[in-house]
Structures are given as structure tokens and as C-alpha cells.
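Participant: Shown below is the structure under consideration.
The values are calculated or read from the model by the stated rules, or taken from the named source; none is laboratory data. Bear in mind the structure is a predicted one, so any value in this text is a computation, not a measurement. Heads up, the Cβs are rebuilt from the backbone with ideal geometry, glycines too, and the neighbour counts pull from every protein chain shown. Side chains are part of the model used for accessible areas, which takes the heavy atoms of the whole protein and leaves out ligands, DNA and RNA. Shrake-Rupley method; radii C 1.70, N 1.55, O 1.52, S 1.80 Å.
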Amino acid sequence: MCIRDRSVYDWLSDSVIITREGTAETILDIFKVADEILISLMEKFSGRHIEFGKIVFENTGERVGYSVTIDEEQAGENIEEIPHALSGRLNVVVYQERVLGEYVLFDRKISVPAHSTATVEFAIPLSNTTRN
């Protein structure tokens, strides 16, 4: 058995203001417990309940490279899914870097339901001008 805890220290008050702990029965449970502790701390700081859903990316066009940003943060290249996306409204952009500049394939706010899946469908047109 392993007990993991995380604390938040406030430099101004010179004290620990939040402590969360969890117990892991197996080595694999350590990651789950660490995630639960961090989510609990995020909820405390944000003042809102934190839940996750999944985003699936479906390219119905040409099979070439693309990039994804979520809320203006780079999420990856050629990704097929994000298994643990923050639930709620997120701005998703799917694009390609082409010879003449950035070509946007998808740019919308989507709703990611908690414990469920949101699908982003886009089509890359047939072209020989991609760099990805």
C-alpha cells in the first residue's frame, strides 16, 4: 500500500493551504491516485467541477498530415483522438501548413460531454501543396 499526497504552499502566509491524499493498492493505482489528487487541487483552485470526455478526429478526405490546436494550445499532429479532454466548450482548430501558408480545415467551438465523446469531422482536399 502506498499513500500519496500533494500540498499547496502559500508563500504569503508561509503555510500549507491545501493538502490532498490518496491510497494506491497496486503500482498501477499510483497513476490513478495521482490524477485524482491533481484534479481535486484543480477543482479547489478553479472553483468548478473538473470532468473529462474524449475528442475523436475523423478525416474524411485525403490521408495527409494535419495539426490540431485546442483553445489556442498545440494539441498534436495527425492525432486520431484525445482520450482525456477537459469537458465543456472548447475551440478546436484543425489545419495544415501549406506552401502558401496555413490552410484551416476546421475552426469551431465544440461541446465535449463529460464521460462521453465529441467528434470533429473534417476533410482534407486532394492537393499536392502540403508540407506535413
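Participant: How many nm separate the modelled label positions at Ser15 and Ala114, each set 7 Å beyond the Cα in the direction of the Cβ?
Facilitator: Taking the two extended label points, one gets 3.1 nm.
Participant: Also: Just add up the charged neighbours of Val104: K/R +1, D/E -1, any other residue whose Cβ is under 14 Å from the Cβ of Val104. The partial results should precede the final answer.
Facilitator: Details: positive: Arg98, Arg108; negative: Glu72, Glu97, Glu102, Asp107.
With Lys, Arg at +1 and Asp, Glu at -1, the net is -2.
Participant: Note down the relative contact order for the range 44-96 as a percent, whole number, built from C-alpha pairs under 8 angstrom at least six residues apart. Can you show the working numbers first?
Facilitator: Working: 70 pairs, mean separation 22.8, N = 53.
Once normalised by length, the contact order is 43 percent.
Participant: Once amide H atoms are built 1.01 Å from N in the peptide plane, which residues 5 or more positions from Ala85, or in another chain, come under 5 Å H to H?
Facilitator: When sequence neighbours closer than 5 places are left aside, the close amide H contacts are Gly53, Lys54, Ile55.
Participant: May I pose another question? Taking 35 Å as R0, compute the FRET efficiency from the Cβ-Cβ separation of Ile27 and Ile50 and round it to 0.05. Write out the running numbers ahead of the final one.
Facilitator: Details: r = 25 Å, r/R0 = 0.72.
With a Förster radius of 35 Å, E is 0.90.
Participant: Specify the inter-centroid distance of the range 21-55 and the range 62-96, based on alpha-carbon positions, in whole Å.
Facilitator: If you average the Cα positions of each part, the centres end up 23 Å apart.
Participant: Using a 10 Å cut-off on Cβ atoms, rank the peptides 49-58, 95-104 from the highest mean neighbour count down.
Facilitator: Numbers: 49-58: 16.3, 95-104: 12.6.
So the order, starting with the most tightly packed, is 49-58, 95-104.
Participant: Probe radius 1.4 Å, ligands and nucleic acids ignored: give me the carbon and sulfur share of the accessible area of the range 26-132 as a rounded percent.
Facilitator: Whole-percent figure for carbon plus sulfur exposure: 53.
Participant: Give the relative contact order (percent, whole number) for the range 69-113; include only Cα pairs under 8 Å separated by 6+ residues.
Facilitator: Working: 57 pairs, mean separation 16.8, N = 45.
Answer for the range 69-113 is 37 percent.
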